[in-house]
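See structure below.
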Amino acid sequence: MTTAPTQIEIDRDKGDFQYPEQHKFDAGTGLSEKTIDYICDVKGEDDWVRSYRKRALKVFESKPMPTHWATKDLENIDFDKIRYYLADGQRASRSWEDVPDDVKETFERLGIPENERKFLAGVEAQFDSEAAYSNIKDAVAKDGVIFVGSTEGLLKHPEIFRKWFGKVIPTGDNKFSALNSAVFSGGSFIYVPPGVKVSHPLQAYFRINAENFGQFERTLIIADEGSEVTYMEGCTAPKFDTATLHSAVVELVAMPGAKIEYITVQNWSSNVYNLVTKRALAHENSVVKWIDCNIGSRLTMKYPGVVLKGRKARGEVLSIALANDGQHQDTGAKMIHAADETTSNVISKSISVGDGRSTYRGQVHMPKNLKGCKNNTECDALLINTNSRTDTYPAITVRGDSNSVQHEASVSKVSAEQIFYMQQRGLSEGEAMSLSVNGFVNDLTRQFPMEYSVELKRLIELEMEGSVG
Amino acid sequence: MIAFLDKMTATLDIKNLNVSIGDKPILKDFSLTVPKGEVHAIMGPNGTGKSTLAKALAGHPDYEITSGDALMDGQSILEMEPDERSREGLFMAFQYPMEIPGVTIANFIRAALNARQPEGEELNAPAYYKSLYEKMDMLKIDRKFTSRSVNDGFSGGEKKRCEILQMAMLDPKYAILDETDSGLDIDALKVVADGVNSLRGDNMGALVITHYQRLLEYIVPDHVHVLFDGRIVKSGDKNLALELEEKGYDWVKQLAETAA
Amino acid sequence: MNSITEDVPKKTESKSVTTFKETFNQHIEDIDTTPGWWRRMKREAFEAFLETPMPKRKDESWRFASLSNLSFAEFDYGKPPSIANAQELVEKSNVLEHQSGSFIFADNQTIDAEKASFELQQKGVIWTSLREATSKHGELLKDYFMKQEVHLGSEKFALLHSAFVENGVLLYVPKGVEIEYPFLSYNWITRNNAAAFPHTLIIAEEFSKVSLVEAHFSTTEEAPALSCGVTHLFAGVGAKIDYTLLQDYNEETLGFQINSNIAGKDSTVKSLSVNVGCRNYRSETHGQIKGDGAQVEMLSLAVADEDQEIDQRTLQTHSAANANSNLLFKNALKDKAKTIFSGLIKVDDGAQHTDAYQTNRNLLLSNTAEANSLPGLEIEANDVKCSHGATTSQIEEDEIFYMLARGIPKEKAQELIVYGFFEEILERIEDEKLTEVARSIIQTKFSSK
């Protein structure tokens, strides 16, 4: 008797779709030594990688969930229901023609401009676990820049990558870095030779495309002396009913005088657990900048860090988090000062909408008789509805009489008077709200590359729809 | 026929308006008609309902209209949302303009103008900036202001000039200027008044709310009304403002007592 | 060996627990005149104390704290012999310009008391020792004595206090009574290994106004001791309480101070602490905004030198609307001293129009001093203005140079800058003499070393 109403497909959220899955390799659900053997066999990995993974599995199993400080929601992750490895088994391809049609379609729907798809300085687009498409632009390769997937990196360039692999973030750093170390696949390995300044940002688009399938990318970027590189990752994910897990590890190594900028704009669907460990090692005079925008996901836990190991090294984290209904953005920054005259800067802006919750956790550490170290931290939170929530938990340790730290945090709200003023000029309540929120993050987004600040603005507008009234 | 009707109803017509804040009645059977092309001034001591009138007409949610009506060109505006009233052509210059951190003046006014465009259409950017700069020059506002956040860190004079700039850009049918002279020194007052005067004409009616006669030396009103305890107790021409200045507000109190 | 921790192997544990139980039973016998309800309360507290684990390294509320220094079993919980130099101590216990009444304790024993004026007594003001209060004002104590939950980590130490506390002050101010001058509670520790349990309970009824000063001192420089104090302030509707604590125990003392300020509707509660002494000092202050329109101020300054560790935990809970709380904790650190400031503002979802501020400023005066700062916010209401700030810095070279150029020696210049740093807190002490006492205690800290 009932007739389903005609659904009009509105392309509101370009991430909201999925493809039928046919995977050549599937490690099945659950995690054991067998899973790891399967992954190693399929990928043809060296024995040292196999034993590295197996050691990591033991660490993962032995570590408790960090619920003594983090949310109990972590206990809802059912590790036995997650598939730890899926792949199509294709070798990374260089020509556009080799890319499967449905992958091309993905690019289309992600809205990557035609010319960018072909000319991006080496698109590394990840479709499920393996790089389905990889194109290192000639110019970049000519300079000796290596831009490959993690599997290829470990296989073909062990002399470069093995030295730093797992050194910035040791397996046992936390439960999820251990998990990643056990089952990682995909992600990028980049090496920039001394003095090379990569003019175009290297980009990676990736997506989760299988139910209950967690992605465990492993990214390692090494910028050799005096080199410069910008890396961008952006992600959108299809919406599923059951939770998916994303647990990446990103390690950056900035050699003396190098500059690395790592930009993330993410918009996970609201069932994803996004538990990411990101850390950089900054040598003398180097600069590492993390730009991190977290929108979506059920729970994001991510605290990009910089270990300032060399004199005059500088670390920065600029982050924006938007927690909408049912979402918890638990983000922050870690600045570990380990040499004289190191400086760090953290600016974090969070927006809680509806019953969304945003949390800032920060750590600033200046131990042992360092001289001339400085940190500046600002975290501002904006609250939109009566049931939204925001928390701030910084931890600052300073030793010595020549270092200084400044931390400031504020919580404010979009006031009714402000909205009325804007309405009096003819803007609807929703437009006024969106304008205010964009105003709140504006001074930060100005520091982002153009296309990312535009995308972010669009995402915020989308998120603010229906948040008033 | 239609043109005739338009002419008949080209007024801002406030009829027996009663407004309360919480349980406290502020405006009591307030009536006033402002035809297009005229400037009416409302004067009165503090706390008699001047700002209430402005905010109630603009649709501020804290002000409850218990009875009466307000019609703009024959159409009641009381059921409209504040932004609808604005788009219909009602402008209010705030006594205390809000600060909107992070939103530049240029973007803000553009957003307000775009909200007036037909669905899917946007302003032509070069034309917009041309018109914006013209009006800024007129109001002696430095062009650098376009990239500053709305009212954020502005002086009192800058805020008020920014209000008049918005008025000039939005081209309203009726404008309510709520204590626009407060916080202005004499130079700033002249600039603001010049701005308002340049917008005067057959296409706009204005209601100037002020405590002091001073502003009315520069924005010469067609009619002056004296407000006391929520209602108009005396109306007259521009000379009433001078009389009021001379006799002081105690006189108004006496007027009100005689009226009652 | 003698600490009661869950980490101690089973056999030793049971032995030391047995010893501690004997100590406690002796304590109950020694104070056998107390009413039955108090003894029951003490026994329950002691049982709960034994069952409560010691703080562990992973406890968030003990982050950065040195837990190895917290053992308390070696102290002497027994009845002290009578105080030999009581009169001398009484004479020294002179820190206020004007006072409305005083109690002077030495090792928990009352050695002197100045009653409240007849006029105040007529008005119904109660100013009495805790001992006396347990027999005369049992009804009042039933509602207010040790009724506050501990949220900041020292549950075990609050239970220890509850089990062994035997003296302290009760100050009850009836509705509408305003008292001009502060009351004084002066607590001396004289014995080697003494365990002291200072207790202050203030109940200020509707629209009353009262102030109290609490002082904690040692008679010797070397004798190790334990002080485990509790202060609870209850401000009724529109009441005003001003509380000041001056702590300068010797640097062998292990100190705990667990305070709670409970602010009713439209009340004002100000608490101010000056902490200079102790080897390890842990203070917990919980500002509880329970009534609309309340105002709570929490101020503190500390100077730590040598191996001192001053660990401060604060909580501002807003469960009512239109209230404000303001916290300012300032620390100056010398030598190898270590401070921890961990603060949290918690705004419940109903507490709209809350203004809550929290500021921690640390001044590092040596290359080996360590300041830890954990300023936290948990906000569930959306119509709030909250902020926190934490800075850790040192004396600016330029400032010193400016003073050198005026002929002021470097040491003196440093001192002046540090005093300037503290002035913001010191000037908030109402009694001028007390301000001077606090100032001179701080000066001693700089001149003697």
Once you sort the root eigenvalues of the Cα gyration tensor of the protein assembly as shown as a ≥ b ≥ c, which label holds: rounded (a/c under 1.5), prolate (a/b larger than b/c) or oblate (the other case)?
oblate
Tell me the label-point distance for the pair B:Asp137, A:Thr29, using the 7 Å Cα-to-Cβ offset, in nm and rounded to one decimal.
7.2 nm
Please give the calculated 222 nm ellipticity per residue for chain C, where each DSSP H segment of at least 4 residues contributes -39500 (n - 2.57) and the sum is spread over every residue; nearest 500 deg cm²/dmol?
-8000 deg cm²/dmol
Angle between the Cα long axis of helix B:186-199 and the longest principal axis of chain B, 0 to 90 degrees, nearest 10?
80 degrees
Testing the spin-label approximation: label points 7 Å from Cα along Cα→Cβ at A:Asp73 and B:Leu71. State their distance in nm.
5.5 nm
What is the extension gain from A:Asp41 to A:Lys54, computed as 0.36 nm multiplied by their sequence separation minus the C-alpha to C-alpha distance, in nm to one decimal?
3.3 nm
Could you tell me what percent of the DSSP beta bridges with both partners in the protein assembly as shown are antiparallel, to the nearest 5?
20 percent
Which of C:His232, C:His216 has the fewest other C-beta atoms within 10 Å, and how do the rest follow up to the most?
C:His232, C:His216
Net length gained if the chain between C:Leu50 and C:Phe401 were fully extended (0.36 nm per residue, minus Cα distance)
120.8 nm
With Cα coordinates, the longest principal axis of chain B makes an angle with the long axis of helix B:238-247, in degrees rounded to 10, of 60 degrees
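Given a cut-off of 20 Å, name the pairs among C:Lys334/C:Lys412; A:Lys72/A:Lys457; A:Lys54/A:Lys156 whose C-alpha atoms lie farther apart than that in the structure shown.
Working: C:Lys334/C:Lys412 15 Å; A:Lys72/A:Lys457 32 Å; A:Lys54/A:Lys156 22 Å.
Over 20 Å Cα-Cα: A:Lys72/A:Lys457; A:Lys54/A:Lys156.
Work out the mean other chain Cβ neighbour count within 10 Å for the residues of C:165-171 and drop it here as an integer. Before the final figure, lay out each step's value.
Working: counts 0, 0, 0, 0, 0, 0, 0.
Counting Cβ atoms of other protein chains within 10 Å of each residue's Cβ and averaging gives 0.
Quantify how strongly other chains surround peptide B:112-119 by giving the mean number of their Cβ atoms within 10 Å of each of its Cβ atoms. Don't jump to the answer; show the numbers that get you there.
On the way: counts 9, 2, 3, 8, 2, 0, 0, 0.
Counting Cβ atoms of other protein chains within 10 Å of each residue's Cβ and averaging gives 3.
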On a full-extension model of 0.36 nm per residue, what is the gain between B:Glu121 and B:Ser182, subtracting their alpha-carbon distance, rounded to one decimal in nm?
18.2 nm
Column: log10 I(q)/I(0), Debye, Cα scatterers of segment B:2-259, q = 0.09, 0.16, 0.17 Å⁻¹
-0.40, -1.28, -1.42
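Return C:His151, C:His388 ranked ascending by Cβ neighbour count within 10 Å, so the fewest neighbours appear first.
Working: C:His151 17, C:His388 25.
The fewest-first ordering by Cβ neighbours comes to C:His151, C:His388.
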Could you compute the FRET efficiency for C:Glu436 and C:Leu416, with r as their C-beta to C-beta distance and R0 at 22 Å, rounded to 0.05?
0.85
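When a/c reaches 1.5 or more, the comparison of a/b and b/c decides; with that in mind, is segment A:419-469 rounded, prolate or oblate per its Cα gyration tensor?
Working: a/c = 2.90, a/b = 1.84, b/c = 1.58.
Note, shape of segment A:419-469 comes out prolate.
Averaged across B:53-65, how many Cβ atoms of other chains sit within 10 Å of each residue's Cβ atom? Write out the running numbers ahead of the final one.
Values: counts 0, 0, 2, 0, 0, 4, 3, 6, 4, 3, 0, 0, 0.
Average neighbour count from other chains, rounded to a whole number: 2.
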Enumerate the lysines that C:Lys92 could reach by cross-link, defined here as Cα to Cα under 22 Å, with residues fewer than 8 away along the same chain left out.
C:Lys115, C:Lys433, C:Lys445
Label zone at C:His98, where the point sits 7 Å out along the Cα-to-Cβ direction: segment C:266-286 residues whose backbone N lies under 20 Å:
C:270
Cα centroid distance between segment B:188-260 and segment C:102-155, in Å?
66 Å
Let me test this: with uniform point scatterers at the alpha carbons of segment B:187-249, what is the Debye-based log₁₀ I(q)/I(0) at q = 0.13, 0.17, 0.21, 0.25 1/Å?
-0.37, -0.63, -0.91, -1.15
For C:Asp32, C:Asp59, which order do you get if you count the other beta carbons within 10 Å of each Cβ and list the fewest first?
C:Asp32, C:Asp59
Which FRET efficiency value, to the nearest 0.05, is calculated for B:Asn239 and C:Glu427 with the Förster distance at 56 angstrom and r the Cβ-Cβ distance?
0.45
In nanometres, what is the gap between the two model label sites at A:Lys371 and B:Tyr129, each 7 Å from Cα along Cα-to-Cβ?
5.0 nm
At a Cα cut-off below 24 Å, give the lysines reachable from B:Lys160, other chains included and same-chain residues fewer than 8 away excluded.
B:Lys36, B:Lys50, B:Lys55, B:Lys130, B:Lys135, B:Lys140, B:Lys144, B:Lys173, B:Lys190, B:Lys238
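Efficiency by 1/(1 + (r/R0)^6): what FRET value for B:Thr258 and C:Asp292, r their Cβ-Cβ distance, R0 = 45 Å, to the nearest 0.05? Don't skip to the end; give the middle numbers.
On the way: r = 44 Å, r/R0 = 0.98.
Efficiency for this residue pair is about 0.50.
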Segment C:396-449, Cα convex hull volume normalised per residue, Å³
83 Å³
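Only loop residues by DSSP count here, and only those with at most 14 other Cβ atoms within 10 Å; note down the GluC sites (Glu not before Pro) in segment C:185-225 that meet that. List each step's numbers first, then the result.
On the way: sites: C:Glu205, C:Glu206, C:Glu214, C:Glu221, C:Glu222; in loops: C:Glu205, C:Glu206, C:Glu221, C:Glu222.
Sites meeting the loop and neighbour criteria: C:Glu221, C:Glu222.
Each value in this text was obtained by applying a stated rule to the coordinates, not by laboratory testing. As the structure is a prediction and not an experimental result, all values here were calculated from the model. Counting neighbours? That spans all protein chains shown, and the Cβs are built from the backbone with ideal geometry, glycine included.
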